[in-house]
Amino acid sequence: MTFDLHMALVILAAAVATYATRIGGYILITTMKRIPPRMEAALAAVPAAVLTTLVAPAFFNGGWDSKLALLVALLVGLRVSHTWMLIAAWLVVMGWRHTIGM
């Protein structure tokens, strides 16, 4: 394996950009006396956006079994607030999937 200077510089630039945005956001928020409502709404939307980026590829690229498992997990998650119920529903769907040979 050879050392690729171009790739090392790309990785370094990505690390600097990531650090700058994180520390910049922290500095911006700590210097404000009050967070504007639009910024607060944007920050409140971050968890849903992150979850969507994790789940959407599995839903759209997976087979019907993945879609079914994700839909069952969504329905159980909306009906019951306990994480253990979500895990139990996932286990039931995966067990059913294994039983029918998928």
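The values are calculated or read from the model by the stated rules, or taken from the named source; none is laboratory data. This one's a predicted model, so the numbers in the text were calculated from it and none came from an experiment. Cβ atoms come from the backbone with ideal geometry, glycine included; neighbour counts cover every protein chain shown.
Here A15 meets the list (1) in the same structural domain as G101 (by TED's automatic domain parsing); (2) surrounded by 10 or more Cβ atoms within 10 Å (Cβ to Cβ) almost entirely, failing just condition (1). Here region 18-56 is the region considered, the condition is being among the hydroxyl-bearing types (S, T, Y) and within 30 Å of G77 (Cα to Cα), and the residue that is surrounded by the fewest Cβ atoms within 10 Å (Cβ to Cβ) is T53.
The requirement of being among the hydrophobic types (A, V, I, L, M, F, W, C) and assigned by TED's automatic domain parsing to the domain that holds H98 is satisfied by V76.
When the residues of region 57-76 are filtered to those that are of a type in the set (G, A, S) and out of contact with any Leu (no Cβ under 7 Å at 6 or more places or on another chain), the one that is surrounded by the fewest Cβ atoms within 10 Å (Cβ to Cβ) is G63. Taken over region 80-92, the residue count meeting the criterion of being part of a helix (DSSP H, G or I) and among the small types (G, A, S) is 2.
Residues in region 1-21 include at least one that is outside any helix (DSSP H, G or I) and among the hydroxyl-bearing types (S, T, Y).
Looking across G101, G77, G95, one residue alone is of a type outside the set (D, E, K, R), outside any helix (DSSP H, G or I) and out of contact with any His (no Cβ under 9 Å at 6 or more places or on another chain). It is G101. Within region 77-102, the set of residues being of a type in the set (K, R) and either exposed (fewer than 10 other Cβ atoms within 10 Å of the Cβ) or out of contact with any helix residue (DSSP H, G or I) (no Cβ under 6 Å at 6 or more places or on another chain) (or both) comprises R79 only.
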